[in-house]
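The values are calculated or read from the model by the stated rules, or taken from the named source; none is laboratory data. None of these values were measured; they are calculated from a predicted model. Here the Cβ positions follow ideal geometry from the backbone for every residue, glycine too, while neighbour counts run over all protein chains shown. Areas reflect the complete protein model, heavy atoms only, side chains present, ligands, DNA and RNA absent. Shrake-Rupley method; radii C 1.70, N 1.55, O 1.52, S 1.80 Å.
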Amino acid sequence: MAHVEIMNETTLRLTLGLEDAVSMIQIAQREQAAYAQEIITIYEKMPVFEFTHFCFYAYDSARLFERVLEMDPKTYLSFSLDAPDSFFYALYGGMAALYESSIKLVQQTQAATAVSTETDVNVHA
C-alpha cells in the first residue's frame, strides 16, 4: 500500500510497491474510458524514461498515480518516490495490456465529438 511521509511543510517521501502498480492497473481497467489517454501516454512514454525513471508529471499522466496515493503531491514543492523496479515494470505491462483498447476508446470518443460538433453546426445552418 502506498505510503506518504510528510518530511516537512514542503517535502514528501512517497513509497510505492508492486501492489500499488497492480491497484493502478485495476483502476485503469475498471475505468478505462476515463483513463484511456493516460494509459496510452504511460505506455508510450515509459520506455523513454527507461521505465524505472518514469515521471508521471512529465506528460500530464498522474491521475492514476494520485489516485493510488489518495492525495495530490503537487501541493508540495518537492517529493521523492521510492519504488522497486517491479512497480514500474508491472505498471508498464498493465498499460501494455490496455493500450490497444484504449486507443479504440479515444478514437471512438473523438469520432463522437466530431459528429456532435457537425450536428451542432448543421442545426444552426
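Using a 1.4 Å probe on the protein chains only, how many percent of the accessible area of the chain belongs to carbon and sulfur?
Working: 4010 of 7390 Å².
Carbon-and-sulfur percentage of accessible area, whole number: 54.
Summing -39500 (n - 2.57) over the DSSP H runs of n ≥ 4 in the chain and dividing by its residue number, what mean residue ellipticity at 222 nm do you reach, to the nearest 500 deg cm²/dmol? Please report the intermediate quantities before stating the final value.
Working: 4 runs with 74 residues, N = 125.
-20000 deg cm²/dmol, from helical runs alone.
Per residue, how much accessible area does the chain show when a 1.4 Å probe rolls over the protein heavy atoms, in square angstrom? Before the final figure, lay out each step's value.
Values: 7390 Å² over 125 residues.
Ligands and nucleic acids excluded, the figure is 59 Å² per residue.
For a test of the definition: using alpha carbon positions, the gyration tensor, and the 1.5 limit on a/c, classify the stretch 1-116 as rounded, prolate or oblate. Walk me through the intermediate numbers first.
Numbers: a/c = 2.17, a/b = 1.70, b/c = 1.28.
Cα axes put the stretch 1-116 in the prolate bin.
So if I take the centroid of the Cα atoms in the stretch 11-72 and the same for the stretch 73-90, what is the distance between those two points in Å?
When both Cα centres are located, 9 Å separates them.
How large is the dipole of the chain about the Cα centre if only Lys and Arg carry +1 and Asp and Glu carry -1, each at its Cβ, rounded to the nearest 20 debye?
160 debye
Which order, highest average first, do 68-80, 17-29 follow once you tally other Cβ atoms within 10 Å for each residue and take the mean per peptide?
Working: 68-80: 13.3, 17-29: 18.0.
So the order, starting with the most tightly packed, is 17-29, 68-80.
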